[in-house]
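Have a look at the structure below, then the notes.
No value in this document is a laboratory result; all are computed from the given coordinates. Given the structure is predicted, the values throughout are model-derived calculations rather than measurements. No Cβ is skipped: glycine too gets one built from the backbone with ideal geometry, and neighbour counts run over all protein chains shown.
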Amino acid sequence: MRIPETMRAVRMRRHGGPEVLEVVEVAVPAPGAGEVLVRVGAVALNNTDLWTREGAYGRPDDPEALSGWRGPIDFPRIQGADVAGRVVAVGADTDTTLVGRRVVIDPALYDGAGPDANPVGLMGSERDGGYAEYATAPADRVHDVTDSPLTDEQLASLPTAYGTALGMIERARTRQGETVLVSGASGGVGLAAVQIARARGAKVLAISSGTKIDAVREAGAHEVVDRAGEVAAQVRDAAPEGIDVALDVVAGELVREGLPLLREGGRWVIAGALGGYGVAFDVRRLYLHNAQVIGSAMHTPAHFRLLMDLARGAEIQPVVASTFPLEQAARAQEELARRAHVGKIVMRP
């Protein structure tokens, strides 16, 4: 196909509210050596988009500092970590057979080349992402899903949400038959955690709001407790012998209330702070019961390859809540921030 010289993109010109997003016409990026150019079929939204736009991540030496996912952002920046599309060109020293392949991009920038490398950067924060008609990516970070029956919207829903959920499940060493508690279960990561933990043979206990409980149960949760009530009491009733693993994107007070619910050797995995990042808990509940609190940022390359295997076989079915055109990126982010939806919000250029 002929590649145009320019493309539509949505750029973030500084930290702030949705008004800092601007629809612009810019040059189509040229893939460098070892890179590919992807025609974006769909790009999914994540909480990381909101927090990166707001500069809400802070820094280790200054928690209140405006920051992208892992540090200061070079503006203007094209947001969007989660991209599904087709390879239309390759750079120097790159496999030309990739052209024409349907792919999903692993959005993480890693600290090494091994299968267990840690993510230290993210498309849409540390490099330009997929709020555009075209995006570049390292060739070794695109995964061929040409034969997957999933739609572009479903495939774009996978990288950050499902990658984060799978990373949590793997780091928690979740085993078949264990009882798993999932917070924020109607959101992208939460719903993914419900689906994957259920597929792994766990008993899934989810926390959600009353209006979304049925949808979370349909996604695979065995039991759902209403976060509007006394969560700890409801969890005790549903799992009187305790929980083995908590997959938590809420944090805040939930950590203090939830740690006593862990069985001996239980694991509490945190990958978000929707309920607040300042956490206090009784440390005796940690060391006396050989419990663990585990931080989990996204996924490793090995986790992502496993996720793509699930996508090729359609072993998971991402729920797409709504789809917006690229020009309505600000509106789509506002919709995401309202948290009235179940599943993923996606844009199509």
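Taking the Cα of D147, stepping 7 Å toward and past its beta carbon, and measuring to each backbone N in region 90-124: which are under 15 Å? Output list for this probe position: 101-103.
Derived scalar couplings between HN and Hα for region 331-343 equal 5, 4, 5, 4, 5, 4, 5, 6, 6, 9, 9, 10, x Hz in order, rounded to whole Hz, by the Karplus curve 6.51 cos²θ - 1.76 cosθ + 1.60 (θ = phi - 60°), x for Gly and Pro. Taking 0.36 nm per residue of separation and subtracting the Cα-Cα distance, full extension of the segment from A340 to R8 would add 116.7 nm. Computed from label points 7 Å out along Cα-Cβ, the spacing between V24 and T323 is 2.8 nm. With a simple spin-label model that places each label point 7 Å from the Cα along the Cα-to-Cβ direction, the separation between E315 and N118 comes to 2.8 nm.
Protection proxy ranking, highest mean first, for peptides 302-309, 284-291: 302-309, 284-291, where packing is the per-residue count of other beta-carbon atoms within 10 Å, averaged. Here is the list for region 263-336: GluC sites (Glu not before Pro) lying in DSSP coil, each with at most 15 other C-beta atoms within 10 angstrom of its C-beta, are E315. In this structure, the amide hydrogen of Y110, modeled 1.01 Å from its nitrogen in the peptide plane, lies closer than 5 angstrom to those of V120, counting only residues at least 5 positions away or on a different chain.
If you wrap the Cα atoms of region 158-205 in a convex hull and average its projected area over all directions, you get 2.8 nm².
Database remark: amide H of L262 closer than 5 angstrom to the amide H of I243 (H placed geometrically; neighbours at sequence offset of 5 or more, or on other chains; Pro and chain starts carry no H).
Counted by Cβ distance under 10 Å from D152, the other residues give a net charge of +2, where Lys and Arg count +1 and Asp and Glu count -1.
Summing Lys, Arg as +1 and Asp, Glu as -1, what charge do residues with Cβ under 15 Å from the Cβ of V269 carry, V269 excluded? Residues close to V269 contribute a combined charge of +2.
Under the combined filter of DSSP loop state and at most 11 neighbouring Cβ atoms within 10 Å, region 36-78 retains none of its chymotrypsin sites (Phe, Trp or Tyr not before Pro). A simple spin-label model places pseudo-atoms 7 Å from Cα toward Cβ; at D282 and D111 they are separated by 3.4 nm. In order along region 14-30, phi translates into HN-Hα couplings of 5, 6, x, x, x, 5, 7, 8, 10, 7, 9, 9, 9, 5, 5, x, 9 Hz, rounded to whole numbers, per the Karplus curve 6.51 cos²θ - 1.76 cosθ + 1.60 with θ = phi - 60° and x for Gly and Pro.
Summary of packing: across the peptides 238-249, 26-37, 135-146, the per-residue average of other C-beta atoms within 10 Å ranks them, highest first, as 238-249, 135-146, 26-37.
Please compute, over every Cα-Cα pair in region 134-237, the percentage with a separation greater than 22 angstrom. For region 134-237, the share of Cα pairs beyond 22 Å comes to 37 percent.
Histogrammed with a bin width of 5 Å, the alpha carbon distances of region 98-144 distribute as 5, 19, 30, 24, 14, 7, 0 percent, first bin at zero. Normalised by residue count, the chain yields a Cα convex hull volume of 129 Å³ per residue.
In order along region 80-89, the Karplus-derived 3J(HN,Hα) couplings, from 6.51 cos²θ - 1.76 cosθ + 1.60 at θ = phi - 60°, round to x, 8, 9, 10, 10, x, 10, 6, 10, 6 Hz, and Gly and Pro are given as x. In plain terms, if you count all Cα to Cα distances in region 1-158 and split them into 5 Å steps from zero, the share in each step is 2, 10, 18, 21, 21, 15, 9, 4, 1, 0 percent. Rounded to the nearest 500, the helix-only mean residue ellipticity at 222 nm of the chain stands at -6000 deg cm²/dmol, with each DSSP H run of n ≥ 4 adding -39,500 (n - 2.57).
In this structure, L306 and R348 have a Cβ-Cβ separation that, at R0 = 30 Å, corresponds to a calculated FRET efficiency of about 0.65.
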